[in-house]
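Some notes on the structure that comes next.
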Amino acid sequence: MLILLVVGVAAVVYSAIRRRRELLALPPSRLGPYKIGKKLGEGGMGAVFEARHDCLGRRTALKLIKPARRDPDSEARFDREARLTSELVHPNTVALYEYGRTEDGVRYYAMELVEGLTLSELVRREGPLPSGRVLGILRQIAASLAHAHARGLVHRDIKPSNVMLCHREGHPDCVKVVDFGLAKRMDAIDAAASLAGMQVGTPEFMAPEAVDDPASVGPETDVYATGILAYALLTGSTPFEGCDLAQMVRAHRLVPPLPPSARRAEDMPRDLERVVLTCLAKRPLDRFADGAALLEALDACSPIASWSAEHAERWWRALDLEGRGASPARDPAPTTRRDRLLLSSTFPLRRRATSSG
């Protein structure tokens, strides 16, 4: 009996030491053709580092599976995430450059490195955004989703922290939709993505059907989440913010959202508000059918003068100068210096209703 107890204690101690070593372990300085730099973030399954390709000199975001998660199930999910992301080639979707495996079996993939802000960071900085800026952002999100939906993929986790805004030459407010780790194929049963029927996504942005019947989610589910995201950009908060989980689920199912114009100091165009409220319909059949239909409705909205390319250029120029006291789109005033965000396509970390990454 004493021997069994000693063996049991030793196993627990060994497991704790091993986990601590993994948590403290430094990443390799090189991986294949990549020289690895600083860590950009990590989730339950993987970590992402800034890296540079030897021959091309291209900076990328390199995602690796954590040592503790190198089991068959996690590796299958990692493979699947890379495979699905590689199918999407669109200006408003983060690009996957390469997927590989080292000689000792470490899986990795290299992604486009996006320098900018997530929409959640943007709203924290600015509060409710001008209607014209929101319209431009939504059009690009819808275009990214239209591309994915046309290829039979549903994102399933559209939210402000999974959409980045960056400055590209000639396009100052360029959107990049990121993190297709929870994506689902519409034409096949995907056991790895369904997680045994558990709900996946982020509660504030989950459509009623995503809670009631996760296997039934489709493009309309992404449309609903985009409507919640639009609401947050226009008002500074989601329609059911402050609810606990049970109240939030009930609200998504049964409670009509207050029109965003009722929670916004500035006027907003009625046609844009109608689009947002259509996205938030409780029944999938009452929403826009997919990203393409949503994009068509957004393109039909009247032009909005509150935001233009010139406004965006000034805003990004001020952001670059922020360390010297300029605040974007406002009169110069002393501010705390904050580095430009350098983010990969998978972080900030995603939250799931009943599962962890």
task = Quickly run through segment 125-175 and pick out the residues that are within 17 Å of Ala289 (Cβ to Cβ) and either free of Cβ contacts under 8 Å to residues at least 40 places away in the same chain or crowded, with 23+ Cβ neighbours inside 10 Å (or both).
result = Leu138, Ile141, Ala142, Ser144, Leu145, Ala148, His149, Gly152, Val154, His155, Arg156, Ile158
query = Residues in segment 270-280: is at least one of a type in the set (D, E, K, R) and either under 23 Å from the mean Cα position of the chain (by Cα) or outside the structural domain of Ser144 (by TED's automatic domain parsing) (or both)?
reply = no
request  = May I ask you to verify whether Val223 is at pLDDT 90 or above and surrounded by 13 or more Cβ atoms within 10 Å (Cβ to Cβ)?
outcome  = yes
request  = May I ask you to list the residues in segment 265-276 that are of a type outside the set (Val, Ile, Thr) and crowded, with 17+ Cβ neighbours inside 10 Å?
outcome  = Met268, Pro269, Leu272, Glu273
remark   = When (1) assigned by TED's automatic domain parsing to the domain that holds Arg264; (2) without any contact (Cβ under 8 Å) to a residue 60 or more places away in the chain; (3) surrounded by 16 or more Cβ atoms within 10 Å (Cβ to Cβ) are applied to Leu119, the one that fails is (2)
message = Which count do you get for residues in segment 29-73 that are under 14 Å from Met111 (Cβ atoms), among the small types (Gly, Ala, Ser) and surrounded by fewer than 18 Cβ atoms within 10 Å (Cβ to Cβ)?
response = 1
query = Quick one: is Leu319 assigned to a helix (DSSP H, G or I) and either exposed (fewer than 14 other Cβ atoms within 10 Å of the Cβ) or modelled with pLDDT under 90 (or both)?
reply = yes
remark   = Taking segment 278-294 and keeping residues in a loop (DSSP other than H, G, I, E, B), among the aliphatic types (A, V, I, L, M) and out of contact with any Lys or Arg (no Cβ under 9 Å at 6 or more places or on another chain) leaves Ala289
query = Can you find even one residue in segment 257-277 that is modelled with pLDDT of 90 or more and within 25 Å of Glu87 (Cβ to Cβ)?
reply = no
ask   = Does Asp299 count as touching a His at 6+ places or on another chain (Cβ under 7 Å) and touching a residue at least 60 places away in the same chain (Cβ under 8 Å)?
value = no
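Look at segment 259-277 and say how many of its residues are in contact with a helix residue (DSSP H, G or I) (Cβ under 7 Å, 6 or more places away or on another chain) and either touching a residue at least 60 places away in the same chain (Cβ under 8 Å) or part of a helix (DSSP H, G or I) (or both). So that I can check it myself, show each step before the final result.
Taking segment 259-277 and keeping what is in contact with a helix residue (DSSP H, G or I) (Cβ under 7 Å, 6 or more places away or on another chain), we get 259-261, 263-264, 268-269, 272-273, 275-276.
When the remaining residues are screened for being either touching a residue at least 60 places away in the same chain (Cβ under 8 Å) or part of a helix (DSSP H, G or I) (or both), the result is 260-261, 263-264, 268-269, 272-273, 275-276.
Of the residues in that region, 10 qualify.
The values are calculated or read from the model by the stated rules, or taken from the named source; none is laboratory data. Being a predicted model, the structure only gives us computed values, none of them experimental. Ideal geometry is used to build each Cβ from the backbone, glycine not excepted, and the neighbour counts take in all protein chains shown.
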